[in-house]
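One structure is given below, encoded as structure tokens.
The values are calculated or read from the model by the stated rules, or taken from the named source; none is laboratory data. Treat the numbers as computed from the prediction; the structure is a model and nothing was measured. Backbone-built Cβ (ideal geometry, glycine too); neighbour counts: all protein chains shown. We work out accessible area using only protein heavy atoms, side chains counted, and drop any ligands, DNA or RNA first. Shrake-Rupley method; radii C 1.70, N 1.55, O 1.52, S 1.80 Å.
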Amino acid sequence: MTHNLRDTFSDTQTWVFDLDHTLYPPDVPLFAQMEVRMVDYMCRILHLDRDTANALRADYWRDHGTTLAGLMAEHQIDPDPFLWDVHQLDFSVVPQSPTLRDLITRLDNRKIIYTNGTAPYAEDVTTARGIAGLFDAIYGVEHAHYHPKPNRAAFEAVFSLDGFDRAKAVMFEDDPRNLEVPKEMGLTTVLISPTPNHSAFIDYQAADLEEFLSQIT
């Protein structure tokens, strides 16, 4: 099985990694901090109580792909101050992983990060995780003109900017919504989630990124 997976991925030229809950486990209390800051920001800017703001935060994430996209569409907020504010986090909660660093180092060819957060935020996370300096490029929502995954416009913007061969690229994601368009665009898709998903646009699935990479390196 392991040998077959190594053969399957042997001609991969570009490895595309999501960030949150992909390059670090979902039980790391980082996104929870971000959600609190989102609610705080919405309360200040929109003059809402916390319960209303939190409900809107979740609704916008569901309906628009990200809370930010909903705020921009429904309230025309400036994205940059919002993004700076919600990413002022305690990154000490992110555990370092020498194992993940070794596995990513052993991947041949180009390695990039593409997140719905910002590139500076991704740099903070990779530094805390102990995997900084391993990636050839880091792309955030700012590189997609603030269009979030799973919007096709977001993928088109980032993938065109990087210019990799989509037929020889693999994308790792924890959110299955964000794999449908990449699959249509020709990428091989890998869902990192313990919840089984049998969607036709998911080629492979693993509960943990390290577990999967250990089978192909």
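Odds and ends about this structure:
- Flag if residue 34 is in a helix (DSSP H, G or I) and in contact with a Gly (Cβ under 9 Å, 6 or more places away or on another chain): yes
Table: residues versus (1) at pLDDT 95 or above; (2) aliphatic (A, V, I, L, M); (3) more than 15 Å from residue 118 (Cα to Cα).
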residue	(1), (2), (3)
40	yes, no, yes
52	yes, no, yes
55	yes, yes, yes
84	yes, no, no
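- Residues (under 17 Å from the mean Cα position of the chain (by Cα) and open to solvent by 40 Å² or more (accessible area, probe 1.4 Å)) located in region 4-24: 21
- Exclusive hit being more than 24 Å from residue 178 (Cα to Cα) and among the aliphatic types (A, V, I, L, M), set 83, 100, 89: 89
- In region 84-94, the residue that is nearest to residue 148 (Cα to Cα) out of those that are among the aliphatic types (A, V, I, L, M) and in contact with a helix residue (DSSP H, G or I) (Cβ under 7 Å, 6 or more places away or on another chain) is 86.
- Taking region 80-117 as the range and being in contact with a Gly (Cβ under 7 Å, 6 or more places away or on another chain) and basic (Lys, Arg) as the test, only 101 passes.
- Cβ pairs under 6 Å, 6+ apart, first in region 52-68 and more than 20 Å from residue 177 (Cα to Cα), second not charged (D, E, K, R): 53/39; 53/42; 53/43; 54/39
- Flag for residue 97 being open to solvent by 80 Å² or more (accessible area, probe 1.4 Å) and touching a helix residue (DSSP H, G or I) at 6+ places or on another chain (Cβ under 8 Å): no
- Positions within region 137-175 being without any contact (Cβ under 8 Å) to a residue 40 or more places away in the chain and of a type in the set (D, E, K, R), in sequence order: 152, 156, 166
- When region 81-108 is filtered for residues that are assigned to a helix (DSSP H, G or I) and free of Cβ contacts under 8 Å to residues at least 40 places away in the same chain, the ones remaining, listed by number, are 81, 84, 92, 98, 101, 102, 105.
- Unmet criterion (only one of (1) open to solvent by less than 20 Å² (accessible area, probe 1.4 Å); (2) more than 18 Å from residue 147 (Cα to Cα); (3) not basic (Lys, Arg)) for residue 69: (2)
- Of the residues making up region 26-62, those that are under 29 Å from residue 96 (Cβ atoms) and either of a type in the set (Asp, Glu) or open to solvent by 40 Å² or more (accessible area, probe 1.4 Å) (or both) are 26, 27, 29, 31, 32, 33, 35, 36, 37, 40, 61.
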